[in-house]
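Chemist: This structure is in structure tokens; I'll ask about it shortly.
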Amino acid sequence: MGYRKMTRAVRWIAAASFAAAMPAAYAQTPPPATAPAPTAAPAAEAPPPGLWINGIHFSAQIQGGFTANPATPDSGVNFGRLFDDRANQPLLNQLMLTANKPLDPKAEGFDWGFKLQAFYGSDARYTHFLGIWDQNPGPGYRNQFDVTEANVLLHLPVLTEGGIDVKAGLFTTPIGYETIDPSTNMFYSHSYIFNFGLPLKHTGILTTTHVSPLLDIYLGVDSGINTTIGCCRGDNNGKPGGIIGFGLNMFDGEVTFLALTHIGPENPSRGLAPAFNANKYLRYVSDAYVVWKATDKLTFVTDFNWIRDDFLGNAPFATGNPKPANGFGVAQYMSLALSETVTFNARAEVFRDDNNAFVAAFGNNNDFARVQLGMVPYGPIFFSNKPTTYGAITVGLTIKPELPAPVSGLMIRPELRVDSALNGAKPFKNGNASSAVTFASDFVLTF
């Protein structure tokens, strides 16, 4: 079954496989959870709440959560989960600080801005840029520091009437519907697509060309998935990656569509046994989602995902020559406002790990980063026993009570989730069950 300590050689190959899984844990300035728009957001009637000084917005956000898994003993691991991976234990997921000067969406001439964002918490184990605090403070520390954004923003009034927006530096991925920022998601738990089918971050340049009110074109170049540039702990292969895609804004914003692909070599060229030329093996990460705001209270989102790696087809058991590995899935979301303060959310997902190369759980706090670096994991990495088709249904509430200043927002999100292996595999309950039921809740407090 999947829960086993791997030998040293197997761990090297697994390490490469988890660079793929990492979205290798994947957003540009994150889209709203109920109506993300791939095109430039319309100007708000009033600035977002929080502290503004000379056009710069300062904010703080705290997220904590708890996942009850009756089938998993205390200090156990929820298989197939990352940010909410610890069963029956409270987590301080994120204590985040942000300073940003957003671009003026009505700017007709040149404009500039920036975003600086960092946090402390358990989520950082899965969101590190390789080369920045990726093994600090050490394997025994669940709560770690992470930089999520450090970039400059430019609006250039060239080529088209809408101009071109440029983002340069460290930034979270624009690919996929769910985001690192918990305040923009429907649920505390994340989809298989988010955890194992997407990147999380990039270092490079991303351009968004506003061709028309209908169409945006995305082009970018970066050092790869979840990594910085060069040296011994940054980009761990010799070639760059890139982002390409487009967004549509239709029916006065009632329907939006975003389709993006990232292509590049992502497996580490050092540390694996035997060594190989990682630049020969590409990873393709493609995601497309459509948001339909059916009414003022009802929103539907459909997310399609495909991840392919030229190297990982024999992972995690490392037999035979390298071959491609594929994972693909679809997730359907629904959000219904029941009142001004309570929203009902639902998510149904199917994700196929066609080579048993992507979906896993990590026993040690630093191993998600270590496997991307091509380093031997400190602890066990848990797999299913065979290629598996995963299904998950999640239902929950988002409760937003009104609180006085300086609090600008509070979200409480209880949820019930049922995960199943749809093809007879037994990845759950230490490799003894084909399904798992969890109850969870978190809070997101914003200042």
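The values are calculated or read from the model by the stated rules, or taken from the named source; none is laboratory data. Since this is a predicted model, take the numbers as computed values, not measurements. Because the Cβ atoms are built from the backbone with ideal geometry, glycine has one as well, and the counts that use them run over all protein chains shown. Side chains are part of the model used for accessible areas, which takes the heavy atoms of the whole protein and leaves out ligands, DNA and RNA. Shrake-Rupley method; radii C 1.70, N 1.55, O 1.52, S 1.80 Å.
Chemist: Residues with beta-carbon under 14 Å from that of Ala425, excluding Ala425: net charge, scoring Lys, Arg +1 and Asp, Glu -1?
Modeler: Counting the neighbours of Ala425, the net charge comes to +1.
Chemist: Right, next: Which net charge results for the neighbourhood of Ile229, defined as the other residues with beta-carbon distances under 10 angstrom from its beta-carbon, given Lys and Arg at +1 and Asp and Glu at -1?
Modeler: Around Ile229, the charge tally is -2.
Chemist: ³J(HN,Hα) across the stretch 132-144 via Karplus (A = 6.51, B = -1.76, C = 1.60, θ = phi - 60°), whole Hz, x for Gly/Pro?
Modeler: For the stretch 132-144, the Karplus curve yields 10, 6, 6, 10, 10, x, x, x, x, 9, 6, 8, 9 Hz.
Chemist: Within the accessible area of the chain, what % is carbon and sulfur when the probe is 1.4 Å and the other protein chains stay in place?
Modeler: Answer for the chain is 64 percent, counting heavy atoms of protein chains only.
Chemist: Could I ask something else about it? List the residues whose amide H sits under 5 Å from the amide H of Gly76, counting only those 5 or more places along or on another chain, with H placed 1.01 Å from N in the peptide plane.
Modeler: Correct list: Ala87.
Chemist: Another question, then. Do the alpha carbons of any pairs in Lys167/Lys280; Lys106/Lys167; Lys115/Lys293 sit beyond 21 Å of each other, and which pairs?
Modeler: Lys167/Lys280; Lys115/Lys293, as the Cα separations exceed 21 Å there.
Chemist: Moving to a separate point now. Pop the C-beta distance of Phe447 and Trp133 into the FRET formula with R0 = 22 Å and round what comes out to the nearest 0.05.
Modeler: 0.35
Chemist: Continuing with the same structure: According to the Cα gyration tensor, what semi-axes, each the square root of 5 times an eigenvalue, does the equivalent ellipsoid of the stretch 113-170 have, listed from largest to smallest in whole Å?
Modeler: 34, 9, 8
Chemist: First check a/c for the stretch 169-238, with a ≥ b ≥ c the square roots of the eigenvalues of its C-alpha gyration tensor; if it is under 1.5, answer rounded, and if not, answer prolate when a/b is larger than b/c or oblate otherwise.
Modeler: oblate
Chemist: Related question: At a Förster distance of 30 Å, what's the computed FRET efficiency of Ser212 paired with Phe110, Cβ-Cβ distance as r, to 0.05?
Modeler: 0.90
Chemist: What dipole magnitude, in Debye to the nearest 20, does the chain give about its Cα centre under +1 on Lys/Arg Cβ and -1 on Asp/Glu Cβ?
Modeler: Computed about the Cα centre, the dipole is about 1740 debye.
Chemist: Moving to a separate point now. Please list, ordered by chain and number, the residues whose modelled amide H lies under 5 Å from the amide H of Val221; skip anything fewer than 5 residues away on the same chain.
Modeler: HN-HN under 5 Å from Val221: Ile205, Ile243.
Chemist: Provide the packing ranking of 371-384, 432-445, i.e. peptides ordered by the mean count of other C-beta atoms within 10 Å per residue, highest first.
Modeler: 371-384, 432-445
Chemist: Considering only DSSP beta bridges whose two residues both sit in the chain, what percent are antiparallel, to the nearest 5?
Modeler: 100 percent
Chemist: Then there is this: Of the listed values (i) 33.4; (ii) 21.9; (iii) 22.7, grab the one calculated as Kirkwood radius over Cα pairs in Å from the structure here.
Modeler: Label of the calculated value: (ii).
Chemist: How many angstrom lie between the Cα centre of the stretch 72-95 and the Cα centre of the stretch 167-187?
Modeler: 21 Å
Chemist: Can you tell me which of 49-62, 183-196, 111-124 comes out highest on packing, and rank the rest after it, using the mean Cβ neighbours within 10 Å?
Modeler: For the peptides 49-62, 183-196, 111-124, the packing ranking is 183-196, 111-124, 49-62.
Chemist: I'd like to compare 89-96, 352-359: which one has the highest average count of other Cβ atoms within 10 Å, and what's the full order after that?
Modeler: 352-359, 89-96
Chemist: Leaving out ligands and nucleic acids, and using a 1.4 Å probe, what accessible area per residue does the chain come to in Å²?
Modeler: About 39 Å² of surface per residue is accessible.
Chemist: Turning to a different aspect of this structure: At 0.36 nm per residue, and after removing the present C-alpha to C-alpha distance, how many nm does the segment from Thr389 to Leu219 gain when stretched out fully?
Modeler: Gain on stretching Thr389 to Leu219: 57.9 nm.
Chemist: OK, next. Given the DSSP H assignment, sum -39500 (n - 2.57) over each helix run of at least 4 residues in the chain and divide by its residue total; what's the result at 222 nm in deg cm²/dmol, nearest 500?
Modeler: Value at 222 nm, helices only, nearest 500: -1500 deg cm²/dmol.
Chemist: Additional query: Simple spin-label model, 7 Å along Cα-to-Cβ: Phe344 to Val158 in nm?
Modeler: 5.2 nm
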